[in-house]
1. Taking the Cβ-Cβ separation of Ser77 and Lys283 as r and a Förster radius of 45 Å, what is the calculated FRET efficiency to the nearest 0.05?
2. When DSSP assigns beta bridges and you keep just the ones with both residues in the chain, what percent turn out antiparallel, to the nearest 5?
3. Could you tell me how far the Cα centroid of the range 294-337 sits from the Cα centroid of the range 366-411, in Å?
4. Starting from the Cα of Ala354, step 7 Å toward the Cβ, then list every residue of the range 155-169 with an amide N under 14 Å from that point.
5. So, in the range 106-176, how many Lys pairs have Cα atoms under 24 Å apart, if the pair is 8 or more places apart or on different chains?
6. List the lysines whose Cα lies under 22 Å from the Cα of Lys52, skipping any in the same chain that are fewer than 8 positions away.
7. Excluding Phe61 itself, calculate the net charge of residues whose Cβ lies under 13 Å from the Cβ of Phe61, where each Lys or Arg counts +1 and each Asp or Glu counts -1.
8. If you bin the C-alpha pair distances of the range 22-136 every 5 Å from 0, what whole percents do you get?
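Values in this text are rule-based calculations from the coordinates and carry no lab data. Bear in mind the structure is a predicted one, so any value in this text is a computation, not a measurement. Note that each Cβ is placed from the backbone with ideal geometry, even for glycine, and that neighbours are counted across all protein chains shown.
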Amino acid sequence: MNAFKISRRALSVALAAATLCGSAFAGEVEVLHWWTAGGEAKAAQALAATLKAKGHSWKDFAVAGGGGDSAMTVLKSRVVSGNAPAAAQIKGPSLQEWAKEGVLTNLDDVAKAEKWDSLLPGPIANGLKHKGHYIAAPVNVHRVNWLWVNPEAFKKAGAKVPTTWPEFFAAAEALKKAGIVPVAHGGQNWQDFTTFESVALGVGGTEFYKKALVQLDPATLQSAKMKEVLETFKKIKGYTDKNSPGRDWNLTTAMVIRGEAGMQLMGDWAKGEFVAAGKTPGKDFECVAAPGTAKAFTYNVDSFAMFQLKNADNIKAQRDLASTLMSPAFQELFNLNKGSIPVRTGLNLDKFDACAKASAKDFGDTAKSGGLVPSIAHGMAVPSAAQGAIQDVISQFWNSDKATAADTMKKLVSAAKVR
Ligand code: GAL
């Protein structure tokens, strides 16, 4: 699959849409995002092509850096200097923080005309509103609690794909003996935190996760269960390679793609990398729930907040962007590349692979069972200041040989209070 194929398809879908709505205004849309890795870039390109086909010009404001920490820093300085882009990848509680600054625009006109209220799961729609008004448009649902496995590497090592943490460490030992890096891990704060939240969910269970990492309950943050979570998390480090510190997530996924490493704990944007490399699930790679989390789902919904603009043509382009993001054709095209599933309900998933189908089923099932939880590592669960402070504590614990679980838990309680 190459980029040319995608943009041609995007182009024809979008051209048809543009002809249907007779779009006559050409504006510019400047969009801030951090989608620069293989699958991510293809997904972003599909968006650009769709907007261009509607007659608008696309100003790409990509700030590299998985998880978006750098993108958010750049965005703040642009907005402070009075030069906000038309749209920016902002999600979760941060949407409310930006809305309170009074810089976002109201998207109710598009949302009403296109019936977003009836097309989005209720809790997701609520998260995209401030004081009852839409301020952002969503594109997808990523599942974070995945384990990506190279079956060839497992076969060589005689290892069994794990569903529990004891099985995970047994597989890691076998892979190590076979000379394969057991766990591909990129040592960056947000990647440490991504691994940590899956361990917390798997070792502690859904109720523990909610109490500790959504409600930030001090007693749960400093409990025997949290000690077990931290110790399990730290044990993983012994199965990572010496080049792990600082490595980008996509280069880390590439180790699993090549069979140099056996497994990686990462959200399903990693699937975008496997697919962009021409790999097929069930054959070249496996997607399984992170150990102990089969009945749970950590969700991460990417959305674009829209800023107040002055130029009428650019406002029209911005409205077209909001409408495009939620359109059925775009939700399909984008998510096939991104590794996620459509956030718009009721779409046909025939073109999606087994991992996406499993994700969609589990998303629905966990929404009913109570196993659906927001990802703290990806900005869906707590205010951004507390998230950043907790993330730092987790990385300090991961990186230091001296840090103890007891000290770390005390620091977690303090970090949870940061606002
Ligand atoms: C997440 C984001 C995903 C993916 C990932 C790695 O926070 O929601 O879309 O881009 O970071 O960059």
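1. So the FRET efficiency works out to roughly 0.50.
2. Working: 20 of 35 bridges.
Looking only at bridges with both residues in the chain, the antiparallel portion is about 55 percent.
3. 28
4. Within reach of a label on Ala354, which here means backbone N under 14 Å from a point 7 Å along Cα→Cβ, the range 155-169 contributes 161.
5. Qualifying lysine pairs in the range 106-176: 7.
6. Filter leaves Lys5, Lys42, Lys310, Lys316, Lys338.
7. Once positives and negatives cancel, what remains is -1.
8. Using 5 Å bins, I get a P(r) of 2, 10, 17, 20, 22, 20, 8, 1 for the range 22-136.
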